Amino acid sequence: MSHQITGKQQIGEDVFWAEVEAPLIAAARKPGQFIILSVNSTYSERIPLTIAGANPDRGTIELIWQRVGKTTAELAHLNEGDEIANIAGPLGTPTHIEKFGTVVCVGGGIGNAPLLPIATALGQAGNRVISILGARDKSRLILEDRFADVSDELIVCTDDGSYRRKALVTEPLAEVCGRDPKPDHAFVIGPTIMMKFCCDVTRQFSVPTQVSLNTIMVDGTGMCGGCRVEVDGKPKFVCVDGPEFDGHKVNFDLMIKRIGAYKKQEQQAYENFKQHQCKIGLQ
Amino acid sequence: MTEEQRKKLLSELLEKKDSGGLKPKDRLAIPPQDMPEQDAAARRGNVSEVALGYTEEQARLEAMRCLQCRNAPCVQGCPVRIRIRDFVAAVADGDYSKALGIIKENSLLPAVCGRVCPQEVQCQEKCTVGLSLKDVSKAVSVGRLERFVADLDQDRATLPAVAPSTGMKVAVIGSGPGGIVAAADTRRAGHDVTVFEAFHKPGGVMVYGIPEFRLPKAIVHDEIETLEKMGVKIVTNFIVGRTRTIERLMTEDGFDAVYIGVGAGLPSFMGIEGESLVGVYSANEYLTRANLMKAYDFGAGADTPIAKSKRVAVVGGGNVAMDSARTAVRLGAEMVYLIYRRTEKEMPARVEEVHHAQQEGVEFHLLQSPKRIIGDADSRVVAVECLRYELGEPDASGRRRPVPIADSEFQIDVDTVIIAIGNLANPLIRQTTPGLEFNKWGNIVVDENCRTSMEGIYAGGDIVLGAATVILAMGQGRIAAAAINDYLATKKQERKT
């Protein structure tokens, strides 16, 4: 069963949104979960993508991804009406949602996509939601409006100051954590290095912090172990034990090394793909 | 022996047999027929099948070595009790379709089992010929004969007969060997059968785990196609427990019975320092990248990368360890070390795979085991530090326990480490199926009919047995299917009244 794309849009520099038919996943998914897809069945790799939203009535899920390599570029080339051969999910343990009190949700870059359903669910559970969104520049900031809808307070910043406040997300995060009373819980999703520094901040203020990790995966069901990370000194599988962990216990330095394991090969594959695309364009 | 010599010998033996003069002594004198194989140097550079299969003369000569023992000890050695003596007699007679018919009474996947069963500890271990010649490797090559007759039937023209529709629905979770058999047997009884597979391709371990050079994927593909022709529905990318729970399959989707054959599916690691370094793989990951995702074609079509290793250490002594080591050879590694803490005698791998690995240049490091894995500043593997072992008293498994020798540490320089020490039970079904009984290792508890603690739910294969074999999984699939067919017959009767 392949999955038709029912809507697609570029929503930022190198960032794309699509609505895709996947009725079973739309019905089953919960905040914090992800899918694994491959564009075709013969040679495509399997990549994990977070589920940014779902519409069970329409039988669709929302995917948001950043063009960083061959597969994400290939996806970006697809349009409404095109099909994705394989989507498996929902995978991972859903986010634990409860009424904590005041929560701070920190999103960086593409991390805003998986954070949105979590922030939404936290609000629905009766939490006061403070959202902090960051991006490299204005063109890469996504989902600001939708966060505005679900947040009691929204702080937006860019690294270069091209939009709103010029700051890294750690700066407003420290301010929010420094308030009295401090937030009861933090949820941080974004580039690994950003999550690492955010955790350094929340640790100083003793604010419990949940992070959602995005590692290399093959099957996504616990079978391969390629996604393993060190949490509290012990190996954990992101696909079945996570993707969310206590950010204060994650060995981010090792994780950064592991997700870079195939960097050279990935770059080579992307270059080949781009050249191939150019040739098609010339014909 | 040359082809000519074999033809001559075969006609002499047939003549003797027809005149009633073929004595056990003559049969024992027939030279065991070697399996034709790809040259070891050539196969290091390709993924084609290593064992090429018997010629007709070889098959008949090998079959004539069988003494046709009245008590057929070979059958006792077979987990699914194939009438081995009788099918071997049919091969000797040249009646191959009869031979296949006999095998298929008990086994649905002869082309697979002929290739991957550990015959030397099953049927062939009990063979009187091997015992008479005081060498199990000289037993009648039952597996090779099984493969021979199965391969002759490649078009599989005759589909198993399917009974008229019963209106009952069966869900089979997992499309590995157990699931295939459970699906075929329940479908034959006329039930509406759906197989759910988590991966994008069906076949389970036969597709993601066992490499092409040992089990060509075309064979597995044919078996799946046979199921589809019989009317079995195959749904891929469906993760039971996540996409849909077993409870919902039964209450909302109307499945009357469920067979759980999801395999083990959670790789064990050693719990030593350095196992999360870049370049350390579970065998599952390494083999899945290479086999299912075709990483050996990376850059030539395939998108999934795999380490470009020069020096590889594989830890373990089972079939999966051999498969990993031999895959690393084919992916271009210059040195592949197989590290095992006991001796070759205790290795659980099939003898043939051990020999093939050695022929292909895999260097065996026996009575050694990793103590830690060492990385560089970039967290990439640079060496594995091992301890030397000696064998002590036998342990619970009956094998002599390996005991580390103090201060015997030494290092082997490697850039990749593949851990192939087995699998634990995947927790997904356990976490999402309240009410189902599991043992302390996370395996599903079943009775002798593969019935679980919940009505209508049956289970078999690795998720019940722990790590086992294709044939055992297949055997359980068959037992469960028979129990499901009984259960549904009763249920249908109850509905009527």
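Derivation of every value follows stated rules applied to the coordinates shown; laboratory data play no part. Small disclaimer: the values here were computed from a predicted structure and weren't measured. In this analysis, Cβ positions are derived from the backbone assuming ideal geometry, glycine residues included, and neighbour counts consider all displayed protein chains.
Express in whole angstrom the spacing between the alpha-carbon centres of segment A:224-268 and segment A:115-138.
Between the Cα centres of segment A:224-268 and segment A:115-138 lies a distance of 24 Å.
In terms of modelled amide H atoms, which long-range or inter-chain residues lie less than 5 Å from the amide H of A:Gly53?
A:Glu62
Once you have the Kirkwood Rh of chain A from its Cα pairs, apply Stokes-Einstein at 4 °C and 1.567 mPa s and quote D in µm²/s.
The Stokes-Einstein estimate is 67 µm²/s.
Give the longest segment of chain B that steers clear of GluC sites (Glu not before Pro) in DSSP loops with at most 13 neighbouring Cβ atoms within 10 Å, not counting the sites themselves. Mind showing how you got there, number by number?
Values: sites that count: B:Glu252, B:Glu334, B:Glu409, B:Glu437, B:Glu448, B:Glu455.
No qualifying site falls inside B:1-251, the longest such stretch.
Once you order the gyration tensor axes a ≥ b ≥ c over the Cα atoms, which shape class does segment A:102-259 get: rounded for a/c under 1.5, otherwise prolate or oblate by comparing a/b with b/c?
Prolate.
Have a look at the DSSP beta bridges in chain A and tell me what percent are antiparallel, nearest 5.
DSSP beta bridges in chain A are roughly 60 percent antiparallel.
Run through the DSSP bridge list for segment B:377-497 and note the antiparallel percent, rounded to the nearest 5.
About 100 percent, rounded to the nearest 5.
Calculate, axis by axis, the spread of Cα positions in segment B:269-421 along the three principal axes, and write the results as whole Å, longest axis first.
Rounded to whole Å, the extents work out to 52, 39, 24 Å.
If I take every Cα pair under 8 Å that is 6 or more residues apart in segment B:269-421, average their sequence separation and divide by the length, what percent do I get for the relative contact order?
30 percent
Which order results if A:His96, B:His191 are arranged by neighbouring Cβ count within 10 Å, fewest first?
Sorted ascending by nearby Cβ count, the order is A:His96, B:His191.
Segment B:1-65 to segment A:36-61: how many Å between their Cα centroids?
52 Å
Just to confirm my numbers, what's the Cα centroid distance between segment B:396-423 and segment B:292-328 in Å?
Comparing the Cα centres of segment B:396-423 and segment B:292-328, I get a distance of 20 Å.
Under the rule of at least 5 residues apart or a separate chain, name every residue whose amide H is placed under 5 Å from the amide H of B:Arg400.
Residues meeting the criterion, in which the H sits 1.01 Å from N, are B:Asp395.
Just for the protein assembly as shown, what percent of DSSP beta bridges are antiparallel, to the closest 5? Could you put the intermediate results ahead of the total?
Working: 56 of 114 bridges.
Around 50 percent antiparallel, to the nearest 5.
Using +1 at the C-beta of Lys and Arg and -1 at the C-beta of Asp and Glu, which of B:Asn291, A:Gln124, B:Pro402 has the Cα lying farthest in the positive direction of the dipole of the protein assembly as shown?
The residue sitting farthest along the positive end of the dipole is B:Pro402.
For peptide B:233-242, how many partner chain Cβ atoms fall within 10 Å of a residue's Cβ, on average?
Across B:233-242, the average partner-chain Cβ count within 10 Å equals 5.
Counting Lys and Arg as +1 and Asp and Glu as -1, each charge on the Cβ, what is the dipole of the protein assembly as shown about the Cα centre in debye, to the nearest 20?
It works out to roughly 1100 debye.
Place +1 on the Cβ of every Lys and Arg and -1 on the Cβ of every Asp and Glu in the protein assembly as shown, take the dipole about the Cα centre, and give the residue among A:Val103, B:Tyr281, B:Phe269 whose Cα lies farthest towards its positive end.
With unit charges placed on the Cβ atoms, the residue in question is B:Phe269.
For segment B:3-152, give the magnitude of the charge dipole about the Cα centre (Cβ charges: +1 Lys/Arg, -1 Asp/Glu; no others), in debye to the nearest 20.
It comes to approximately 500 debye.
Only loop residues by DSSP count here, and only those with at most 10 other Cβ atoms within 10 Å; note down the trypsin sites (Lys or Arg not before Pro) in segment B:410-478 that meet that. Let's see the in-between values first.
Values: sites: B:Arg430, B:Lys440, B:Arg451, B:Arg478; in loops: B:Lys440.
Taking segment B:410-478 and a limit of 10 other Cβ atoms within 10 Å, the loop trypsin sites (Lys or Arg not before Pro) found are B:Lys440.
From the phi of every residue in segment A:37-47, what ³J(HN,Hα) in whole Hz does the Karplus formula 6.51 cos²θ - 1.76 cosθ + 1.60 yield, where θ is phi - 60° and glycine or proline is x?
10, 9, 5, 9, 8, 7, 10, 5, 7, 9, 10
Provide Rg and Dmax in Å for the protein assembly as shown, with only Cα atoms included in the calculation.
Final numbers for Rg and Dmax: 28.7, 104 Å.
Out of segment A:1-93, which GluC sites (Glu not before Pro) are coil in DSSP terms and have no more than 13 other C-beta atoms within 10 Å?
The qualifying sites are A:Glu80.
What residues qualify as long-range amide H neighbours of B:Lys371, i.e. H under 5 Å apart, gap of 5 or more or another chain, H built at 1.01 Å from N?
Residues meeting the criterion, in which the H sits 1.01 Å from N, are B:Glu385, B:Cys386, B:Leu387.
Fewest first, what order do A:Arg58, B:Arg372 take by the number of other Cβ atoms within 10 Å?
A:Arg58, B:Arg372
Taking the C-alpha atoms of segment B:340-497, how large are the radius of gyration and the largest Cα-Cα span, Dmax, in Å?
Cα radius of gyration and Dmax of segment B:340-497 are 22.3, 75 Å respectively.
I need the peptides B:296-304, B:394-402 ranked by packing, meaning the mean over residues of other C-beta atoms within 10 angstrom, with the highest value on top.
So the order, starting with the most tightly packed, is B:296-304, B:394-402.
Please state the equivalent ellipsoid semi-axes for segment B:431-497: what are the square roots of 5 times the Cα gyration tensor eigenvalues, largest first, in whole Å?
Ellipsoid semi-axes (Å, largest first): 24, 16, 7.
May I ask you to evaluate 6.51 cos²θ - 1.76 cosθ + 1.60, the Karplus curve with θ = phi - 60°, for each residue of segment B:395-407 and list the ³J(HN,Hα) values in order in whole Hz, giving x for glycine and proline?
Karplus-based 3J(HN,Hα) across segment B:395-407 equals 9, 4, 7, x, 8, 5, 6, x, 10, x, 8, 4, 6 Hz.
Take every residue in peptide A:236-242, count the Cβ atoms of other chains within 10 Å of its Cβ, and give the average of those counts.
Working: counts 1, 3, 0, 1, 7, 1, 0.
Partner Cβ neighbours, averaged per residue: 2.
What would the Debye equation give as log₁₀ I(q)/I(0) for segment A:3-91 at q = 0.16, 0.17, 0.24 Å⁻¹, counting only Cα atoms as equal point scatterers?
Here log10 of I(q) over I(0) equals -0.55, -0.63, -1.30.
How are the alpha carbon pair distances in segment B:73-176 distributed across 5 Å bins from zero to the largest one, expressed in percent?
2, 12, 21, 20, 17, 11, 8, 5, 2, 1, 0, 0
What percentages, rounded to whole numbers, describe P(r) for segment A:194-283 computed over all alpha carbon pairs with 10 Å bin width beginning at zero?
For segment A:194-283, the binned pair fractions read 16, 36, 24, 15, 7, 1 percent.
In debye, nearest 20, what is the charge dipole magnitude of segment B:348-445 about its Cα centre with +1 on Lys and Arg Cβ and -1 on Asp and Glu Cβ, if you could check?
540 debye
Can you sort B:Met335, B:Met168 so the residue with the fewest Cβ neighbours within 10 Å comes first?
On the way: B:Met335 17, B:Met168 23.
Ordered by Cβ neighbours within 10 Å, fewest first: B:Met335, B:Met168.
Over segment B:15-72, what is the relative contact order in whole percent, taking alpha-carbon pairs under 8 Å and six or more residues apart?
Here the relative contact order equals 41 percent.
Inside 10 Å of the C-beta atoms of B:266-277, what's the mean count of C-beta atoms belonging to other chains? Before the final figure, lay out the partial values.
Details: counts 7, 7, 1, 3, 0, 2, 0, 0, 0, 4, 12, 4.
Averaged over the peptide's residues, the number is 3.
Could you tell me how many cubic angstrom of Cα convex hull volume chain B has per residue?
Dividing the Cα hull volume of chain B by its residues yields 170 Å³.
Taking θ as phi - 60°, what are the ³J(HN,Hα) couplings along segment B:325-332 by the Karplus curve (6.51, -1.76, 1.60), each to the nearest whole Hz, with x for Gly and Pro?
Coupling constants for segment B:325-332: 4, 6, 5, 4, 4, 5, 7, x Hz.
Can you pull out the chymotrypsin sites (Phe, Trp or Tyr not before Pro) in segment B:403-497 that DSSP calls coil and that have at most 15 other Cβ atoms within 10 Å?
Answer in residue order: B:Trp441.
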